[in-house]
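Below is one structure, written out as structure tokens, with a few remarks after it.
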């Protein structure tokens, strides 16, 4: 006798999975059969997904809302799909894409169409992920070009920094001594001195 399961994934703990839960309840999947990961979809190393895999047996049905909830890596989605349907011998239903329902179209043509749709959607999911990364990188680069700094602001320089820097620059004291006088690690002193020299820290 087959059992229905639902898999839910959001990318982080601050994202809400309610929409996916509501859809699963409409499919009358009991709460005990819902497995939720709050984790990136870049790979399948997820605790609840692994737990679900151990639970699934032949002829069970796995529901997911959309293909990107299963994962975002093109090759890994295809690998997992084949593992679930060929090795575990379960059926998969992608609720947002009726063509991706392995319960129907079990003939050669149905399987062929399902595979094509799966590959296109998997590629689209990964492509969107790469586009998001690129947009983030471009946004950060543009912000840096405008002088916007990221991370914690540097601590104010100690009051004696200028005098110590001048003595160190003139070779009157070593870097170790200069760092001690400024109450900072040697690496920090050298970094701040370099920035000071460039006029970054005034």
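Read-outs: derived from the displayed coordinates by stated rules, not from any lab. Note that this is a predicted model, so its numbers are computed, not measured. All Cβ positions, even for glycine, are placed from backbone atoms using ideal geometry, and neighbour counts span all protein chains on display.
What to note about this one:
- Fewest-first sequence of 67, 173, 140, 87 by Cβ atoms within 10 Å of each Cβ: 87, 140, 173, 67
- Relative contact order computed over the chain (Cα-Cα under 8 Å; 6+ residues apart), in percent: 14
- For the pair residue 124 and residue 104, label points projected 7 Å from Cα toward Cβ lie 1.8 nm apart.
- Degrees between helix 108-145 axis and first principal axis of the chain (Cα, 0 to 90, nearest 10): 20
- Length gained on full extension, residue 176 to residue 143, computed as 0.36 nm times the residue gap minus the Cα-Cα distance: 8.3 nm.
- Computed over the chain with a Gaussian network model linking Cα atoms closer than 10 Å, the most mobile of 174, 102, 36 is 174.
- Ellipticity estimate at 222 nm from DSSP helix runs (n ≥ 4, -39,500 (n - 2.57)) divided over the chain, nearest 500: -15000 deg cm²/dmol
- Taking 0.36 nm per residue of sequence separation and removing the Cα-Cα distance, the residue 136/residue 22 pair yields an extension gain of 37.9 nm.
- Fraction of antiparallel bridges per DSSP, the chain only, in percent to nearest 5: 10
- Exposure proxy for 186, 70, 100: other Cβ atoms within 10 Å of each Cβ, ordered fewest to most, give 186, 100, 70.
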